[in-house]
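> Have a look at the structure that comes next, please.
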Amino acid sequence: ERRFEVNAGTHGKNSGLFKASMMEHYSQYNFCDPTYKCAMVRLPMARPGMIYGLREIQTNYDKIPTEQEIYEFGHRLFQKVQLSSECSIVCLIYMERLMEIAKVPVVARTWRPIFMCGLLLASKVWQDLSSWNIEFASVYPQFSLDQINRLELLFLKNIKWDLYISSSLYAKYYFALRSLLEKRDFRNRYNRMVLGHTSAAENDQALKVQQRSEQIKEKALLQLSRSM
């Protein structure tokens, strides 16, 4: 959490890697509808009827998730919405782009909205039959359709509508993820592969992502110009 602290020597400027305000913007508390527990009491036969009461269930989104929880959250989306494996790579690129451009941290209270929205955008860029927002809402009903639409718009604004992915960038992330098979010194090797000047592998998948993301970017800019 010290990454969000403001250094007094910077005259009030945020000297950390991320902005605390952006953490609040993407907090799961802002996008999940409250859930309630209903309790009913049946009245005696002499007075037919019943009494019921509603109590809001307090959910803690500040608990640090386990690897299994993260896996199960993503696996359920991949299975129910039928996402391709390539969507995971595109999703990672968009998530890190959000972290870099908008200084949004991926922490306990923000990882679910960011992860889900990254997969949603990845599906629209990569797959021939992209997923609808309502499909994601049906998988996790705590995120209503209106909230997912609002989250998607916020995500796009914060990455400046930049959905373009070059073939070389896709290849870097692809080979960096492959290095997960070798867990030793993974963080250093991952950073070197993503940030380093590696040769671009012009494979079909990388070119396909580049072409699709370029088309999506043009459509997004066209819609943005019409709304202004």
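> Would you be able to say whether some residue in the stretch 188-202 is in a helix (DSSP H, G or I), closer than 29 Å to Phe18 by Cβ, of a type in the set (Lys, Arg) and at pLDDT 65 or above?
No, the stretch 188-202 has no match at all.
> Right, something else. So Leu151 ticks every box in (1) without any contact (Cβ under 8 Å) to a residue 60 or more places away in the chain; (2) of a type in the set (A, V, I, L, M); (3) crowded, with 22+ Cβ neighbours inside 10 Å but one. Which box is left unticked?
(1)
> Looking at the stretch 77-102, which of the residues that are touching a Gly at 6+ places or on another chain (Cβ under 8 Å) and not aliphatic (A, V, I, L, M) is farthest from Glu24 (Cα to Cα)?
Per the criteria, the residue is Ser88.
The values are calculated or read from the model by the stated rules, or taken from the named source; none is laboratory data. All values reported here derive from a predicted model rather than from experimental measurement. Virtual Cβ from ideal backbone geometry, glycine too; neighbours counted across all protein chains shown.
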